[in-house]
Amino acid sequence: LFAAPTEFLKGVVAMDGLPPGDRPEVCFAGRSNVGKSSLINALTGRKGLARASNTPGRTQEINFFTTTGGPYLVDLPGYGYANAPVAVVEKWQRLLKSYLAGRATLRRAFVLIDARHGVKAVDDEIMALLDRAAVTFQAVLTKADKVKDKDRDTVLAQVRTALAKHPAAYPELVLTSSEKGDGIETLRAIIAALD
Ligand code: GTP
Ligand code: MG
């Protein structure tokens with residue numbers, strides 16, 4: 001899936017711009033700056049494929065990437081906060097929610113959670129939306145390299161407790177570091193096994 005070059009297909013700013021649902025897709029959702037774009041780069045082994053940056057609100061469109069014979073990888077704008085005017089942020093959020101709730105070919109949403117911070121109220125809201133839309137989602141903890149060993153179990157327990165309230169949550173968590181490569185092979189295998 002990820003061996004041959006993954007390509008950028010298009011950036012979408014409205015639901016009517018979505019590419020045809022001609023294959024399955026998986027998406028990466030999460031708070032601004034949690035590491036969605038970086039994770040796509042790590043999964044595909046292409047550093048500059050999805051634009052990552054330290055400025056929250058970097059990804060402002062729904063970006064589609066193709067894999068070889070596999071699902072679309074979909075990089076979403078972040079939720080929670082962003083350095084953009086309120087009206088603009090609200091437009092992305094509406095698009096994000098319409099996409100998450102209304103994309104028939106969406107096989108799984110990966111909901112990224114910063115491993116230092118655990119599940120926040122905004123994450124819980126997105127998870128509730130996915131429950132209502134019956135979209136299976138899986139939590140992926142990011143930035144594992146930044147968590148102290150002594151804090152890891154506490155965060156994992158918090159995330160497990162939060163997920164237990166959501167019928168659409170897939171129970172298995174993945175702990176990743178796009179920086180160090182932890183969990184990347186595991187996540188590739190999970191995506192490759194979906195269909
Ligand atoms: P938006 O598009 O703004 O919603 O952000 P995003 O979720 O796509 O985050 P992005 O991938 O742009 O990463 C945000 C910042 O976190 C960047 O400075 C990344 O270098 C950093 N980052 C991402 N993943 C990791 C990681 O695994 N470890 C560390 N240490 N930093 C990371
Ligand atoms: Mg991004």
How many residues does the range 1-58 hold that are at pLDDT below 85 and loosely packed, with under 15 Cβ neighbours inside 10 Å? 6
Scanning the range 180-195 for residues that are charged (D, E, K, R) and either touching a residue at least 40 places away in the same chain (Cβ under 8 Å) or assigned to a helix (DSSP H, G or I) (or both) gives GLU185, ARG188, ASP195
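Kindly evaluate VAL89 against the criterion of being more than 11 Å from ligand 2 (Cβ to nearest atom) and either in a strand (DSSP E or B) or under 21 Å from LEU175 (Cα atoms) (or both).
When the stated conditions are applied, VAL89 does not pass them.
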In the range 140-153, anything over 20 Å from the mean Cα position of the chain (by Cα) and in contact (Cβ under 8 Å) with a residue 12 or more places away in the chain is listed as ASP151, ARG152
Across (1) within 16 Å of ligand 1 (Cβ to nearest atom); (2) buried (at least 17 other Cβ atoms within 10 Å of the Cβ), ASP145 clears everything bar (2)
Looking at (1) more than 26 Å from ALA14 (Cβ to Cβ); (2) touching a residue at least 60 places away in the same chain (Cβ under 8 Å); (3) surrounded by fewer than 18 Cβ atoms within 10 Å (Cβ to Cβ); (4) not acidic (Asp, Glu), can you tell me which one ALA104 breaks? (1)
The number of residues in the range 152-188 that are at pLDDT below 95 and among the hydrophobic types (A, V, I, L, M, F, W, C) is 0
For the range 149-171, name all the residues that are touching a helix residue (DSSP H, G or I) at 6+ places or on another chain (Cβ under 9 Å) and either among the hydroxyl-bearing types (Ser, Thr, Tyr) or exposed (fewer than 11 other Cβ atoms within 10 Å of the Cβ) (or both). TYR170, PRO171
Going through (1) of a type outside the set (A, V, I, L, M, F, W, C); (2) part of a helix (DSSP H, G or I); (3) over 28 Å from LYS120 (Cα atoms); (4) within 16 Å of ligand 2 (Cβ to nearest atom) one by one, ASP16 fails only at (4)
Please work out which one of (1) under 21 Å from MET15 (Cα atoms); (2) among the charged types (D, E, K, R); (3) modelled with pLDDT of 95 or more; (4) within 16 Å of ligand 2 (Cβ to nearest atom) is the condition GLU61 fails and give its number. (3)
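The values are calculated or read from the model by the stated rules, or taken from the named source; none is laboratory data. Remember, it's a predicted structure, so these values are computed and weren't measured experimentally. Neighbour counts are summed over all protein chains in view; Cβ atoms, including those assigned to glycine, are modelled from backbone coordinates with ideal geometry.
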